[in-house]
1. Quick one: P94 ticks every box in (1) over 19 Å from D21 (Cβ atoms); (2) loosely packed, with under 14 Cβ neighbours inside 10 Å; (3) not aromatic (F, W, Y) except a single one, so which number is it?
2. Is it the case that the range 111-124 has a residue that's part of a helix (DSSP H, G or I), of a type in the set (A, V, I, L, M) and buried (at least 21 other Cβ atoms within 10 Å of the Cβ)?
3. Of (1) of a type outside the set (S, T, Y); (2) more than 21 Å from V20 (Cβ to Cβ); (3) surrounded by 14 or more Cβ atoms within 10 Å (Cβ to Cβ), E50 satisfies all except one. Which?
4. Counting only residues that are over 22 Å from F40 (Cα atoms) and not aromatic (F, W, Y), which one in the range 97-110 is surrounded by the most Cβ atoms within 10 Å (Cβ to Cβ)?
5. If you take just the helices (runs of 4 or more DSSP H) that sit entirely in the range 1-96, which of them hold at least 3 residues that are closer than 22 Å to D118 by Cα and among the β-branched types (V, I, T)?
6. Give the range 53-67 a look and list any residue that's among the hydroxyl-bearing types (S, T, Y) and either surrounded by fewer than 16 Cβ atoms within 10 Å (Cβ to Cβ) or at pLDDT below 95 (or both), or say none.
7. Could you say which residue among L42, L87 is touching a Cys at 6+ places or on another chain (Cβ under 8 Å) and surrounded by 17 or more Cβ atoms within 10 Å (Cβ to Cβ)?
8. Out of all the residues in the range 94-128, which are of a type outside the set (A, V, I, L, M), in contact (Cβ under 8 Å) with a residue 40 or more places away in the chain and under 17 Å from F10 (Cβ atoms)?
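The values are calculated or read from the model by the stated rules, or taken from the named source; none is laboratory data. This one's a predicted model, so the numbers in the text were calculated from it and none came from an experiment. As a convention, Cβ positions derive from the backbone with ideal geometry for all residues, glycine included, and neighbour counts pool all protein chains shown.
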Amino acid sequence: MVKIAAPFLFCLFSVIVAVVDIKTGSIPRFAFLCAFALFFALKLFSEGRELLFLSLAGCGTGIGLFLLAFFVSGKKLGLADVWYSGLIGLVLGPLWWYPATFAACAAGLIWLLGAKRDSIPFIPCMAAGGVVALLVKDAWL
């Protein structure tokens, strides 16, 4: 039951966060705190403590690399992008975080070419990349 709930809840959270980011341009940190707690608990109960380390490594990878990009870009990347990247790493693990980020960058490039603007809300692109990577991971495994 928990193995089915986690992907569904991640997809649902991703859609909600993407819509909120498009409409308002900001995501409350409380939403990410709740999501981290929920997905941490789901990982703990579904995979056990052995594989929880991989999820935490994915979370650290996502937060660390996007935090680095946040500072290198002169804070043009939002902090919500950093937190959502960590959430993708927590849900998918460190190995699947990379394809999710690649798909997010591809979606962002498509959005940028179609929108004809200088800036894009990147969380919807990250949500698309995370959901695609989750679906491919579940089909792959």
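1. Against the list (1) over 19 Å from D21 (Cβ atoms); (2) loosely packed, with under 14 Cβ neighbours inside 10 Å; (3) not aromatic (F, W, Y), P94 comes up short only on (2).
2. yes
3. (3)
4. Only one residue fits best here, namely A104.
5. Because the criterion is at least 3 residues that are closer than 22 Å to D118 by Cα and among the β-branched types (V, I, T), the helices (runs of 4 or more DSSP H) in the range 1-96 that meet it are 2-24.
6. S55
7. L87
8. Listed by number, the residues that qualify are P94, W96, P124.
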